[in-house]
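Visitor: Below: one structure in structure tokens.
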Amino acid sequence: GTVATIAVDRPQHPNEFTDTRLEEMVGHYKRSKWMAEQEALKAAKAGLPVVVVLPTTPVGPWDWKPTPTGKIILDFLNGKMPGYVETGLNFVGVEECAAGHLLAAEKGKVGERYLLGGENLTLKQLLDALSRITGLPAPKLKIPHGLALGVAYASTLFSRLIGREPGVPVEGVKIARHTMFVDCSRAQRELGFKAGPVAAALERAVRWYEANGYIDKGRARKMSRARAA
């Protein structure tokens with residue numbers, strides 16, 4: 001599953017017991033995941049041994065594609081992020097998240113859901129952490145959601161004309177209007193799940209991208225000089 005089926009606006013941080021509705025899901029991805037999760041839980045009630053795991057936002061090495069989260073890291077590393085929007089996510093090291101799947105298979109209760117997450121961080125806090133790791137400056141411009149959405153629509157239109165994926169997806173901006181902080185304590189209590197520091201996972205991601213040639217040479221040199229200083 002995904003944290004997206006749980007991370008909706010609530011007075012307190014949502015958790016596995018938070019009831020959500022299909023109409024609260026923004027975009028085709030979140031709607032499809034919510035509907036798929038409902039089917040899995042129905043199957044569990046009918047006797048199928050199903051345990052649902054809900055990763056939050058994994059970060060770390062080997063994100064070769066990259067995923068949308070990996071793209072945020074790469075855009076920062078390559079100087080393609082002039083600003084940021086006010087939003088937040090729960091992040092978890094990808095290796096720990098994988099281990100959490102095994103714990104859920106071993107110790108999880110049939111028909112139950114488990115959030116596999118680590119730290120709630122705003123996008124600004126994430127970028128500041130990357131700045132500390134790399135020595136590169138974090139963007140200081142805070143972009144209003146309305147402006148970001150306009151740019152996303154323009155990016156989508158232009159991308160359709162040239163047959164490429166949009167650099168700024170509309171659904172991504174719409175989702176960013178909601179801070180996706182969650183309470184991940186259940187997996188810690190019931191599965192023994194442990195998430196390491198997100199800063200360490202981010203550093204592993206940066207080193208992997210650097211070692212595999214994803215970073216612009218000029219930016220890579222700046223990182224090397226910052227390390228040597």
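The values are calculated or read from the model by the stated rules, or taken from the named source; none is laboratory data. Keep in mind that this is a model prediction, so the values were computed, not measured. Methodologically, a virtual Cβ is constructed for each residue, glycine included, from the backbone with ideal geometry; neighbour enumeration extends over all protein chains shown. Quick note on the areas: whole protein, heavy atoms, side chains included, nothing else; ligands and nucleic acids left out. Shrake-Rupley method; radii C 1.70, N 1.55, O 1.52, S 1.80 Å.
Visitor: Please give me the summed charge of the neighbours of Ala99: other residues whose Cβ is under 14 Å from its Cβ, Lys and Arg +1, Asp and Glu -1.
Guide: Numbers: positive: Lys107, Lys194; negative: Glu95, Glu96, Glu106.
Overall, the nearby charge balance is -1.
Visitor: Now for a different question. Using θ = phi - 60° and the Karplus form 6.51 cos²θ - 1.76 cosθ + 1.60, what ³J(HN,Hα) does each residue of segment 129-136 get, whole Hz, x for Gly and Pro?
Guide: 5, 5, 5, 5, 5, 9, x, 7
Visitor: Let me ask another. Just going by the charge dipole of the chain, with Lys and Arg at +1 and Asp and Glu at -1 on Cβ, which of Thr87, Phe17, Ala229 is farthest out on the positive end?
Guide: Towards the positive end, the residue furthest out is Ala229.
Visitor: Dipole of the chain (Lys/Arg Cβ +1, Asp/Glu Cβ -1, origin at the Cα centre): which of Val110, Val198, Ala36 lies farthest to the positive side?
Guide: Val198
Visitor: Now, a different point. Express the carbon and sulfur contribution to the solvent-accessible surface of the chain as a percent, rounded to the nearest whole number, probe 1.4 angstrom.
Guide: The computed percentage sits at 58.
Visitor: Which entry in [x] 44, 21, 15; [y] 31, 22, 16; [z] 34, 21, 15 is this structure's computed semi-axes √(5λ) of the Cα gyration tensor in Å?
Guide: [y]
Visitor: Could I ask something else about it? What is the dipole size for segment 3-228, taken about its Cα centre, with +1 at each Lys and Arg Cβ and -1 at each Asp and Glu Cβ, in debye to the nearest 20?
Guide: Values: 32 positive and 23 negative charges, 151 e Å.
Using only the charged Cβ atoms, the result is roughly 720 debye.
Visitor: Express in whole angstrom the spacing between the alpha-carbon centres of segment 31-53 and segment 120-139.
Guide: 36
Visitor: Could I ask something else about it? In whole percent, what relative contact order does the chain give with Cα contacts below 8 Å and a gap of six or more residues? Show your work: numbers first, answer last.
Guide: Details: 363 pairs, mean separation 65.5, N = 229.
Relative contact order, the chain: 29 percent.
Visitor: Pairs to check: Lys42/Lys109; Lys80/Lys217; Lys80/Lys142; Lys142/Lys222; Lys65/Lys222. Give those whose C-alpha atoms are more than 19 Å from each other in this structure. Please report the intermediate quantities before stating the final value.
Guide: Numbers: Lys42/Lys109 15 Å; Lys80/Lys217 14 Å; Lys80/Lys142 15 Å; Lys142/Lys222 24 Å; Lys65/Lys222 24 Å.
Checking Cα-Cα distances, Lys142/Lys222; Lys65/Lys222 exceed 19 Å.
Visitor: Another question about this same structure. If the cut-off is a Cα-Cα distance under 15 Å, which aspartates and glutamates reach Lys107, setting aside same-chain residues fewer than 8 apart in sequence?
Guide: Within the straight-line cut-off, Lys107 pairs with Glu190.
Visitor: Report, in deg cm²/dmol and to the nearest 500, the calculated mean residue ellipticity at 222 nm for the chain, where each DSSP H run with n ≥ 4 adds -39500 (n - 2.57) and the sum is divided by the residue count. Don't skip to the answer; put the middle values down first.
Guide: Details: 9 runs with 113 residues, N = 229.
Result for the chain: -15500 deg cm²/dmol, rounded to the nearest 500.
Visitor: Now a separate question. Name the shape class, rounded, prolate or oblate, that the alpha-carbon gyration tensor gives for segment 9-54, where a ≥ b ≥ c are the square roots of its eigenvalues, rounded holds for a/c under 1.5, and otherwise prolate holds if a/b is larger than b/c and oblate otherwise. Intermediate values should be presented prior to the final figure.
Guide: Details: a/c = 2.55, a/b = 1.46, b/c = 1.74.
Taking the square roots of the gyration eigenvalues as a ≥ b ≥ c, segment 9-54 is oblate.
Visitor: Right, here's the next one. Name the residue from Ile133, Asn120, Pro58 whose Cα lies farthest towards the positive end of the charge dipole of segment 3-228, charges +1 on Cβ of Lys and Arg and -1 on Cβ of Asp and Glu.
Guide: Toward the positive end, the furthest listed residue is Ile133.
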